[in-house]
Amino acid sequence: NKQWRVIGALNALSGRLDYLDAYIIGREKVGQFYRQLAAAYPEAQRIYVVQDNWSIHRHPEVEAVLREVGQIEAVWLPTYAPWLNPIAKVWRWLREQVLTMHRLAGDWQMLRERVNAFLSQFAKGSHALLQYVGLTGEGKLAQALNQI
C-alpha cells in the first residue's frame, strides 16, 4: 500500500509546525502526537489544539491521553468548517508545492522525503507560513489572534 498519512499542529504565534507521519493514523498515533506536542512545549501551561470532528478525536483512548497529558485542551471546530483550521491550509500548500503533478510516482521513498522536507522547513517557525494560512495580516483569523 502506497498511502501515508500525516497529522500536524501549527503554532499560531511562531509558525512552528509539528507533525507525525505514519502508514495509519489511528487512536494510538493521535495519542503519540499529543505526547509529542506536550514534549515539544514543556514550558506551556496550556496548549490549545484545534480539531475537526474526526471520530477518532473523541475516542475514549484518545481522551484518556488528553487527560494524562493535561496541558493540551481540544478546541472543537463546527462540523464541515475546515476553513477555520489553519492546518488545513498547510495541507493545501503541501499538495500545491509537492504533491500536485509530482514526477515521483515511481519513487515512493523520494516522494515521502520531499513531503517531510517541506513540512520540516517549518520546524523552527515561519512568518511566511503564518502569512500563508492567514494568521498574520488583515484576515479574520489574524484579527482574532491579535485580540488574545
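Brief remarks on what is shown
- The fraction of accessible area contributed by carbon and sulfur in the stretch 4-93 is 55 percent, rounded to a whole number (1.4 Å probe; ligands and nucleic acids excluded).
- Loop-resident sites, the stretch 85-138, for GluC sites (Glu not before Pro), counting at most 15 other Cβ within 10 Å (DSSP): 138
- Cleavage-rule hits, GluC sites (Glu not before Pro), the stretch 46-86, DSSP coil, Cβ neighbours within 10 Å at most 14: none
- Surface accessible to a 1.4 Å probe, residue 76 within the full protein complex, Å²: 80
- For the stretch 1-42 versus the stretch 63-137, the spacing of their alpha-carbon centroids is 9 Å.
- 3J(HN,Hα) couplings calculated from phi for the stretch 48-54 with the Karplus curve 6.51 cos²θ - 1.76 cosθ + 1.60 (θ = phi - 60°) are, in sequence order, 8, 10, 6, 10, 7, 9, 4 Hz; Gly and Pro show x.
- Computed from the C-beta positions of residue 83 and residue 112 and an R0 of 25 Å, the FRET efficiency is 0.35 to the nearest 0.05.
- Under a 5 Å amide H cut-off, with hydrogens placed 1.01 Å from N, residue 47 pairs with 72, 73 among residues at least 5 apart or on other chains.
- Taking 0.36 nm per residue of sequence separation and removing the Cα-Cα distance, the residue 32/residue 123 pair yields an extension gain of 31.0 nm.
- In the chain, the DSSP-assigned H stretches of four residues or longer account for a calculated mean residue ellipticity at 222 nm of -12000 deg cm²/dmol, using -39500 (n - 2.57) per stretch and the full residue count as denominator.
- Semi-axes of the equivalent ellipsoid for the stretch 18-120, computed as √(5λ) from the eigenvalues of its C-alpha gyration tensor and ordered from largest down, come to 27, 16, 14 Å.
- Think of each Lys and Arg Cβ as +1 and each Asp and Glu Cβ as -1; about the Cα centre, that makes the dipole of the stretch 11-51 roughly 100 debye.
- Projected label distance in nm at residue 143 and residue 53, using a 7 Å step from Cα toward the beta-carbon: 2.6
- Taking trypsin sites (Lys or Arg not before Pro) across the stretch 54-112, the ones in a DSSP loop with at most 10 further Cβ atoms lying within 10 angstrom of their Cβ are 103.
The values are calculated or read from the model by the stated rules, or taken from the named source; none is laboratory data. No experiment lies behind these values; they were computed from the predicted model shown. Quick reminder, even Gly has a Cβ in these numbers, built from the backbone with ideal geometry, and neighbours come from all protein chains shown. Side chains are part of the model used for accessible areas, which takes the heavy atoms of the whole protein and leaves out ligands, DNA and RNA. Shrake-Rupley method; radii C 1.70, N 1.55, O 1.52, S 1.80 Å.
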